[in-house]
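The values are calculated or read from the model by the stated rules, or taken from the named source; none is laboratory data. Not measured: the values here are computed from a predicted model. Note that we place each Cβ from the backbone using ideal geometry, even for glycine, and neighbour counts take in every protein chain shown.
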Amino acid sequence: METQKMLYLSKKDVERVDLPMEMIIQALDEAFKEKGLGKVEMPPKPGIHTMPDAFIHAMPAAVPSFGAAGCKWVSGFPENYKKDLPYINGLLILNDPETGIPLSVMDCIWITAMRTGAATAVAAKYLANMDSNTIGVLGCGVQGRTNLEALKIIMPELSEVKAYDISQDAANAYAEEMRAKTGLDIKIVNTPKEAVENSDVIVTAGPILKEPNPAIEFDWLKPGVFASPVDFDSYFKKSAFEGCEKFVTDDREQCLYYKSLGYFQHISEIYADLGEIAAGSKPGRENRDERIICANLGLAIDDMVTAIKIYRKAVDNNIGTWLEL
């Protein structure tokens with residue numbers, strides 16, 4: 001038999017591939033449409049929990065139209081910053097859909113960061129007012145950065161960012177970096193209320209907490225707002241969830257599963273799965289004044305369609321290390 005090889009891509013290798021955010025947004029948009037049409041396979045992600053508010057999840061998926069199949073083994077440990085380690089860590093395995101042979105093992109930190117921002121942009125495409133110009137970002141870490149990068153691509157009229165973080169140093173670093181990267185007017189604010197009030201778009205990107213202390217009231221949300229709680233329900237109070245006209249998620253079954261675990265206790269009825277909206281079976285935003293929350297939980301299809309593009313570009317550009325199986 002011929003010796004089988006797989007491509008190993010380290011974190012630096014994945015970053016060197018440098019897949020553009022525009023391509024990731026386009027790939028996720030197509031993947032959500034395929035999901036809405038029932039053309040993907042994605043079982044619920046099982047997980048283990050070795051520390052409070054920490055998780056290690058297995059995320060398998062196949063997206064036939066992309067030739068993508070595999071599994072991400074990803075962890076999120078909110079106390080890692082105390083050890084100067086990233087919150088998110090993990091590996092992703094891609095398999096050949098026709099033989100099952102592993103094609104590649106790659107670091108998933110960059111993929112997780114970028115595809116999460118891209119998923120928010122896809123949601124905004126269908127659920128936000130496209131002439132939005134003000135965004136409130138609560139949580140100035142990795143997701144605060146990639147979400148802003150992606151939203152600027154999909155919403156070209158964005159001009160003002162109100163950034164809040166419990167760490168002043170984190171907020172200052174975010175403002176300096178993202179001003180240079182996006183050219184947007186980034187103002188540091190001192191309270192969550194300042195970040196939320198009069199914002200057309202809201203992104204909350206703190207750690208995911210089982211017992212959060214939410215801050216955002218319904219009264220802070222302007223008519224027509226689009227909100228993306230990347231950190232589940234850690235920032236939004238019961239009044240905010242119940243007062244919004246639509247609550248959308250990227251996967252209905254996963255959202256209900258998380259609800260059974262104690263998250264999302266105050267969400268209103270799930271209006272739609274983002275795949276249903278992308279595929280056209282349910283309308284997205286129907287008028288300018290709707291307040292809409294879309295909680296993207298993070299799906300394996302997002303990872304697989306991003307990873308297959310990284311793998312192919314890495315092969316074309318001779319990036320990575322070939323290992324014998």
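Restricting to helices (runs of 4 or more DSSP H) lying wholly in segment 192-283: which have 2 or more residues that are polar (S, T, N, Q)?
Ranges flagged: 252-260.
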Hey, could you check segment 57-99 for residues that are without any contact (Cβ under 8 Å) to a residue 24 or more places away in the chain and aliphatic (A, V, I, L, M) and say which is nearest to Met304 (Cα to Cα)? Ile93
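Just for strands (runs of 3 or more DSSP E) wholly inside segment 1-99: which have at least 1 residues that are surrounded by fewer than 20 Cβ atoms within 10 Å (Cβ to Cβ) and among the aromatic types (Phe, Trp, Tyr)?
5-9, 55-63, 68-76
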Any residue in segment 48-56 that is of a type outside the set (A, V, I, L, M, F, W, C), at pLDDT below 95, over 22 Å from Asn89 (Cβ atoms) and not assigned by TED's automatic domain parsing to the domain that holds Ser281? no
When you scan segment 295-313, do you find a residue that is surrounded by 23 or more Cβ atoms within 10 Å (Cβ to Cβ) and over 24 Å from Cys71 (Cβ atoms), even just one? no
Reported set for segment 100-150 where residues are without any contact (Cβ under 8 Å) to a residue 60 or more places away in the chain and on the phi > 0 side of the Ramachandran plot is Gly100
Evaluate the following for Tyr235: is it closer than 21 Å to Asn147 by Cα and either in contact (Cβ under 8 Å) with a residue 40 or more places away in the chain or not assigned by TED's automatic domain parsing to the domain that holds Leu158 (or both)? yes
Counted residues in segment 193-212 being over 16 Å from Cys140 (Cβ atoms) and crowded, with 24+ Cβ neighbours inside 10 Å come to 0
